[in-house]
Amino acid sequence: MKRPVKRPTKPTTLSRLRVRSLVGDRTRGQVLAGAVVMPCALGRSGMVRRKREGDGGSPLGAFRLRGGAYRPDVFAVRPRSLLPLRPTRPNDGWCDASDDRRYNRPVTLPCPVSTERMWRDDGLYDLVIDLDYNRGPIRPRLGSAIFFHCARPGYTPTEGCVALKRADLARLLRRLGPRTRMRIG
């Protein structure tokens, strides 16, 4: 008797991710992706209702995943995802100057105002996804550069982002798409 040929199943795209903090440590949390639970780092101020530039809080709410970037010198091939991803360049930056018209937008370095470098030596942005926080309309002083990115060893706190171990983020990325929403809180 012949056995039916088992065809590989295409992983389903996740419609939502949930981020919750751990009891007793507001800077550590978990990302719930379907039945999978992964440890994550949160902002140094934990989850906050009223996000402000520089407060170190991860904003409460539900956010679209706008797309992202990856370091081509770290990932030999573009990571698999239904999200738009582009290779990071050494002169990529992100404006965090609240009073500038480029606030909370990607910029090219050098830039005459305060920016965050996207090509980092510490590996945090080897793989980074832009959360749709304060991205349209962009309001000054309400926070910039809120990303889903790679965690530091020991899941030390972020400046307001959500961070996973790079391998977990790369694995999860395969199941993320334009309809995926991340709920923080």
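Which condition number in (1) among the small types (G, A, S); (2) in contact with a Ser or Thr (Cβ under 7 Å, 6 or more places away or on another chain); (3) without any contact (Cβ under 8 Å) to a residue 60 or more places away in the chain is the one that G160 fails?
Unmet for G160, out of (1) among the small types (G, A, S); (2) in contact with a Ser or Thr (Cβ under 7 Å, 6 or more places away or on another chain); (3) without any contact (Cβ under 8 Å) to a residue 60 or more places away in the chain: (3).
Being outside any loop (DSSP other than H, G, I, E, B) and either among the basic types (K, R) or without any contact (Cβ under 8 Å) to a residue 24 or more places away in the chain (or both) is the filter here, so list the residues in the range 49-64 that pass it.
R64
Of the conditions (1) without any contact (Cβ under 8 Å) to a residue 40 or more places away in the chain; (2) closer than 16 Å to T156 by Cα; (3) crowded, with 18+ Cβ neighbours inside 10 Å, D92 satisfies every one except a single condition; which number is it?
Among (1) without any contact (Cβ under 8 Å) to a residue 40 or more places away in the chain; (2) closer than 16 Å to T156 by Cα; (3) crowded, with 18+ Cβ neighbours inside 10 Å, D92 violates only (2).
Name the residues in the range 31-59 that are out of contact with any helix residue (DSSP H, G or I) (no Cβ under 9 Å at 6 or more places or on another chain) and either basic (K, R) or surrounded by fewer than 15 Cβ atoms within 10 Å (Cβ to Cβ) (or both), would you?
Result: G34, A35, V37, R44, R49, R50, K51, R52, G54.
Go through the range 69-125 residue by residue and tally those that are under 15 Å from the mean Cα position of the chain (by Cα), polar (S, T, N, Q) and within 15 Å of R141 (Cα to Cα).
Number of matching residues: 1.
Just to confirm my filter: which strands (runs of 3 or more DSSP E) fall fully inside the range 71-160 and include at least 3 residues that are farther than 25 Å from G177 by Cα?
115-117
The numbers here are math on the coordinates, done by the rules we state, and not lab data. What you are looking at is a predicted structure, and each value in this text was computed from that prediction instead of being measured. Here the Cβ is made from the backbone with ideal geometry for all residues, glycine too, and neighbour counts use every protein chain on show.
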